[in-house]
Amino acid sequence: MKMSKTSVKTTVEWGTLNLRKLARVVTKLQKRIYRASQRGDIKAVKKLQKTLIRSWSARCIAVRKVTQDNKGKNTAGVDKVKSLNPQQRLKLAKNLKIDHRASALRRIWIPKPGRDEKRPLGIPTIKDRAKQALAKMALEPEWEAKFEETSYGFRPGRSAHDAIEHIFISIGQSAKYVLSADIAKCFGQINHQELLRKISTFPAMRRQIKAWLKSGVMDGGELFPTNEGTPQGGVISPLLANIALHGMIQNIESQYPKTKRVNGKPTNWKPCIVQYADNFVVIHPDRSTIMEIKGKISKWLKPIGLVLKDEKTRVCHSLNKSIDEEPGFNFLGFNIKQYPDNNTRLGFKTIIQPSEESVRQHVQELREIIKAHKSAKTVDLIKKLNPVIRGWANYYRTVCSSLTFKKVHHDLYMMLTQWGKRRTGKYKRTYEMYWHEVEGVKVFASNPPKGGRRMILQTHNQYRIKRHIKVKGGNSPYDGNWVYWGERMRNLPGLPTRVQKLLKKQNGKCRICGLFFKPEHKWEVAHKVPRSDAEKDQYSNLQLIHLHCHHAKTGKENQQRYTKNPQCSQVIEEPDEVKVSSPVLNQR
């Protein structure tokens, strides 16, 4: 394979790579791929993709993504390699190429949230993860230009909140029938031949994807063949699943007219289909049409090897109760239902709130954390509870969650009261020991260490409801509209206040490399002057930077300390775990 003009064959060190320059090269190529795909220039798309996968810049970015940015970076594949040092990363980047080779996956089983059953993950080796990241960088811009606007799952710049907002807009002005459905074992049953036919990429990429699909899975020391499906756990698997399902929405919508006269009045007759990976809803004013669409979707899925999951497929009305179905439905952890209201022009109101199952699972998770910390220090318990509370509340703060937050807050208060009584023996003593007044409000908090501050437990009802703004049409982070995406980044659900302020202060750019933050990026709030030197946690000493930029910054600072103090026994290369990561929430 020829080396591209963007290749570099000089002697370099991983820590000295110009990440800003590398990222700019990749971003420009991806934007060109996206635009070529938009105008239907397949020849240009494939030529640019080949240039990208051969480029030094893309290979370095791919290695960085899987060895430094990814949360599962310390998970080993069948080769038992968990991490790479800087020299090994550089060697991998130099030798990385798309070929027809792939190692077997290592299967691990993880529990499903709130259930006793487990689901399998197939973990590739670090080398295969890097190759998949490289392939994804080339393929994703092409397909982002093709995907339907109402598909929201596992796509850059799109989230579950966009899907929920789209549903709200669709039923907001009139009550309708809804088909809510799941595709059974979507990742595990996709037909390989149909998927490869659909991707229709250049030969080298096709052979590589086929090798990943057919690589097999190691489970308990035994190799099992993979004759179907794209195993969950691979970097490229979500993209492949989206490609397999692409076309379903357009196929169904094209079979129905935009309007139809019903009882002498023109009525919107084109179905609205909102998809999030293997979950989707179909919205239409006529029940018989909904049932007809259900059959057509089942027929469309058959050649791909997929079927609807019967126990998760349901037809209901958004407002009215039928003989065998209650109104309303659950989708992505939300309950969507309309209630009669004679005080409104429409005669009803649409309420979206956390589903009962989601609330139950969350309260159970809090209960298990408290149970596991019966004898722990207060500060340790708070450290465990705060991330769980923050993540759940941020996910649901975009809908009508105020009453739910109050209820869950009360449940947590009762659990903490019992936790304290077990230690003190009396409720009064518990309240005195663990609830402290902070700024005029009684809160569950630890005693302050000498010269330090209390650690305060976050509460659900401290999160104010903030309506989510749906992504505009078919906009994509690959379209180059940095003004739009920069503004949107500051309003994504789940962003802590200080991240929002820093994004605004820095105009949406990283303080280290100067590049715009993208929705799929990982970032951290870091100190300009290390706390050990300045002990300042004020905004003037804070900056928002990419996770990989923080790695480089921390490494340089540690190296400087080592130089100043030769007695230091070692230099720490990596910072602690990410404090603030990508705002795209995956909880479902």
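Derivation of every value follows stated rules applied to the coordinates shown; laboratory data play no part. Predicted model only: the values in this text are computed from it and were never measured. When we count neighbours, we look across all protein chains shown, and the Cβ atoms used for this are built from the backbone with ideal geometry, even at glycine.
Scanning the chain for long hydrophobic helices, with DSSP H runs required to stretch 20 angstrom or more by C-alpha along their axis and to average at least -0.5 on the Kyte-Doolittle scale, returns 287-301, 378-396. Using a simple spin-label model with pseudo-atoms 7 Å out from Cα toward Cβ, A44 and Q189 lie 4.1 nm apart. Distance between the C-alpha centres of segment 347-424 and segment 151-217: 32 Å, rounded to the whole angstrom.
As a proxy for reagent exposure, R54, R35, R467 were ordered by neighbouring Cβ count within 10 angstrom, fewest first; the result is R467, R35, R54. If R0 equals 35 Å, the separation of the Cβ atoms of Q538 and V388 corresponds to a calculated FRET efficiency of about 0.80. Full extension of the segment from E439 to L196, taken as 0.36 nm per residue of separation minus the current Cα-Cα distance, would add 81.4 nm. Between segment 243-278 and segment 427-492, the alpha-carbon centres lie 39 Å apart.
Tell me which GluC sites (Glu not before Pro) from segment 104-162 have a DSSP coil assignment and no more than 10 other beta carbons within 10 Å of their own.
Sparse-neighbourhood loop GluC sites (Glu not before Pro): E117.
Can you give the extra length, in nm with one decimal, that the chain gains between A204 and K97 once fully stretched, where that is 0.36 nm per residue apart less the Cα-Cα distance? My answer for the length gained is 37.5 nm.
Filter K118/K185; K136/K185; K214/K312 down to the pairs with a C-alpha to C-alpha distance above 20 Å, please. Among K118/K185; K136/K185; K214/K312, the Cα-Cα distance tops 20 Å for K136/K185; K214/K312. Full extension of the chain segment joining Y413 with T259 gains 50.2 nm, where the gain is 0.36 nm per residue of separation less the Cα-Cα distance.
Once Rg and the Kirkwood radius are both taken over the C-alpha atoms of segment 357-456, their ratio Rg/Rh works out to 0.97.
What FRET efficiency, computed as 1/(1 + (r/R0)^6) with R0 = 41 Å and r the Cβ-Cβ distance, is obtained for E148 and S83, rounded to the nearest 0.05?
0.60
Of all lysines in the structure, those lying under 16 Å Cα to Cα from K94, and not within fewer than 8 positions of it along the same chain, are K2, K5, K9, K65, K127, K131.
With only Cα atoms counted, the chain has Rg and Dmax values of 25.9, 88 Å. Applying a threshold of 29 Å to the alpha-carbon distances of K265/K294; K210/K470; K302/K337; K112/K426; K270/K407; K47/K309 flags K210/K470; K302/K337; K112/K426; K270/K407; K47/K309 as lying beyond it.
Which whole-number percent gives the relative contact order of segment 357-456, counting Cα pairs below 8 Å spaced six or more residues apart? Worked out over segment 357-456, it gives 25 percent.
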